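Engineer: Below: one structure in structure tokens.
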Amino acid sequence: MKLAGVRRVVIEPRYEAWREAARALLREGVCPDDVDLVDATEPLPALLFDPAQPEGDGQHRTGAHIRVPAEFVRRAEVVACHRERERWNLLYRLLWRLQSERGLLRMELDEDVARLRRMEHQVKYDLHKMHAFVRFRRGMDMDGEHFIAWYEPAHRVLGLAAPFFAERFAVMRWSILTPDGSVSWEPETKSLHFGAGVSRERAPEGDDLEEMWRTYYKSIFNPARTNITAMRSEMPVRYWKNLPEVMAMPEMLQQADARVGGMIAAQANASATAFVPQEHRLPVLQSALPACQGCDLYRCATQAVFGRGPATARLMLVGEQPGDEEDRRGEPFVGPAGRLLNELMIEAGVDREAVYVTNAVKHFKFREQGKRRLHENPRLSEIFACRPWLLAEMDAVKPKVVVCLGASAAKSLLGANFALTRNRGQVLASPYAERVIATFHPSAILRAEAERAAGYREMLVQDLRMAAEMAY
Ligand code: URA
Ligand code: SF4
């Protein structure tokens with residue numbers, strides 16, 4: 001802490017804020033000993049502030065070129081995230097000295113340089129920990145699935161950490177909340193948005209994502225590189241007990257042999273791409289579909305269900321995934337939702353025989369309850385994994401209009417953030433088709449109580465009628 005009486009400059013805790021203040025001070029020729037750079041988050045008694053702000057000598061650097069080596073910028077951006085209040089002063093002192101001491105950063109024994117290095121290591125270690133230990137929880141909001149994590153880093157590393165998560169979880173909509181700030185990722189626009197911090201009390205509750213973590217770790221786990229010693233050194237033992245992936249470890253190691261040379265697709269990057277033939281003719285696609293292992297859904301379902309309808313159809317309807325009956329019979333929309341869809345199409349004056357009907361996801365996802373198999377919504381990662389099949393079908397049929405029945409199909413073609421409540425019944429452009437209309441799924445009618453059901457039904461018929469009018 002510097003003596004009262006020196007000039008104080010308050011710095012918002014961001015590298016850019018420091019840079020701006022430091023440049024101004026340097027131009028003014030303010031010697032590091034004559035200034036105290038105070039972090040804005042630091043509670044300072046008002047008395048310590050000296051209203052008289054002594055000027056520097058103001059002469060020798062005005063207008064002069066400021067020397068800022070690229071290496072210093074790189075390291076200063078890291079050290080700026082440190083919580084130590086002296087970092088701003090340290091950085092300014094180094095910047096000041098760099099103006100005349102060219103080889104300064106190479107002088108490892110210099111006290112300032114050694115301190116820079118120490119802080120840099122501490123921040124980088126904290127960043128590494130954040131990459132490893134952030135846990136997302138799955139939540140739902142108006143726009144669908146949203147993964148949320150609350151984390152309290154030792155230093156202010158959120159900004160440094162965000163790109164790592166953007167790359168790892170590019171298809172998910174997620175937010176990481178910390179007490180200092182928050183960041184959200186929009187997979188649609190591929191952009192990061194920074195916002196205010198969130199206290200621990202406001203952080204989301206519930207642990208249903210632990211399971212997803214295990215899967216995630218299993219799928220990125222590369223058996224060819226299994227090295228317990230290295231893992232231990234990466235992950236201090238005291239953290240191990242809290243890590244769900246550690247529970248998955250023995251199983252992972254057991255499976256390692258079988259998987260070397262035939263790595264499974266990572267859950268986060270699951271995709272049917274490798275299984276979809278180059279030639280997009282319906283019979284070719286249909287005969288290749290049963291071999292798909294683009295995501296984990298093939299494991300439990302009876303069979304993959306391909307679309308049905310003429311290759312010349314001008315109207316394509318896309319559902320979510322096969323239901324129980326579809327899974328057994330191998331045809332789309334032949335169960336209760338399908339029978340209702342037939343009725344609605346008749347009402348809307350649409351000839352089902354002339355329409356191509358398919359699903360966003362080709363395998364049935366369910367959970368068993370006694371003898372019953374209960375439908376489960378596919379995850380966004382599964383919808384995206386299966387999308388290559390849907391796109392190939394669309395390429396084969398080239399419909400004039402595509403109708404998405406329900407949110408899953410809409411997310412596949414219109415993006416993760418698509419919200420039925422907002423854009424139902426509108427004609428939308430998608431990256432994959434010129435005209436896409438999203439509407440309710442027939443099963444929404446089956447599930448809703450009578451009054452609502454009648455409303456859904458009316459809107460669905462109206463949307464189907466509009467789609468048919470545009471297609472023919
Ligand atoms: N629901 C769907 O979305 N698709 C089907 O094929 C059956 C029910
Ligand atoms: Fe392949 Fe789609 Fe089945 Fe997943 S759901 S295995 S991507 S066909």
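Engineer: Tell me, what is the FRET efficiency for residue 41 and residue 99 to the nearest 0.05, using R0 = 22 angstrom and their Cβ-Cβ distance as r?
Structural biologist: Values: r = 29 Å, r/R0 = 1.31.
The value I calculate is 0.15.
Engineer: Could you tell me the convex hull volume per residue, in Å³, taken over the Cα atoms of region 273-471?
Structural biologist: Dividing the Cα hull volume of region 273-471 by its residues yields 111 Å³.
Engineer: Between residue 329 and residue 108, what length in nm is gained on full extension when 0.36 nm per residue of separation is reduced by their alpha carbon distance?
Structural biologist: Result for the pair: 72.3 nm of gain on full extension.
Engineer: Taking a quarter of the surface of the convex hull around the Cα atoms of region 134-202, what do you get in nm²?
Structural biologist: 4.5 nm²
Engineer: Would you mind getting me the FRET efficiency between residue 31 and residue 124? Use the beta-carbon distance for r and R0 = 41 Å, nearest 0.05.
Structural biologist: Numbers: r = 31 Å, r/R0 = 0.75.
E(calc), rounded to 0.05, equals 0.85.
Engineer: Turning to a different aspect of this structure: Can you figure out the FRET efficiency of residue 427 with residue 354, using R₀ = 22 Å and their beta-carbon distance, to the nearest 0.05?
Structural biologist: About 0.65, to the nearest 0.05.
Engineer: Shifting gears a bit: Just to be sure I follow the rule: in region 273-471, considering lysines 8 or more places apart or on different chains, how many pairs have Cα atoms under 22 Å apart?
Structural biologist: Within region 273-471, the lysine pair count is 5.
Engineer: Counting DSSP beta bridges with both partners in region 134-202, what percentage is antiparallel, nearest 5? All intermediate terms of the calculation are to be shown ahead of the outcome.
Structural biologist: Numbers: 14 of 18 bridges.
Just about 80 percent of them are antiparallel.
Engineer: Would you kindly derive the ³J(HN,Hα) couplings of region 148-165 from the backbone phi angles with the Karplus curve 6.51 cos²θ - 1.76 cosθ + 1.60 (θ = phi - 60°), listing them in order in whole Hz, with x for Gly and Pro?
Structural biologist: Once rounded to whole Hz, the list reads 10, 10, 10, 8, 10, x, 5, 10, 8, 9, 3, x, 6, 7, 3, x, 4, 6.
Engineer: Here's another thing I want to ask about it. In nanometres, what is the gap between the two model label sites at residue 66 and residue 293, each 7 Å from Cα along Cα-to-Cβ?
Structural biologist: For the pair residue 66/residue 293, the computed spacing is 5.8 nm.
Engineer: Using 0.36 nm times the number of residues separating residue 23 and residue 152, minus their current alpha carbon distance, what extension gain do you get?
Structural biologist: Taking residue 23 through residue 152 to full extension adds about 43.3 nm, to one decimal.
Engineer: What is the set of long-range amide H partners of residue 39 at a cut-off below 5 Å, with H atoms built 1.01 Å from backbone N?
Structural biologist: 11
Engineer: Could you give the length gained by full extension between residue 192 and residue 86, i.e. 0.36 nm per residue of separation minus their alpha carbon distance, to one decimal place?
Structural biologist: Values: separation 106, 0.36 × 106 = 38.16 nm, distance 2.96 nm.
Residue separation times 0.36 nm, minus the Cα-Cα distance, leaves 35.2 nm.
Every number here is computed from the coordinates shown, using simple stated rules; none is lab data. No experiment lies behind these values; they were computed from the predicted model shown. Cβ coordinates were reconstructed from backbone atoms using ideal geometry, including for glycine residues, and neighbour counts include every protein chain displayed.
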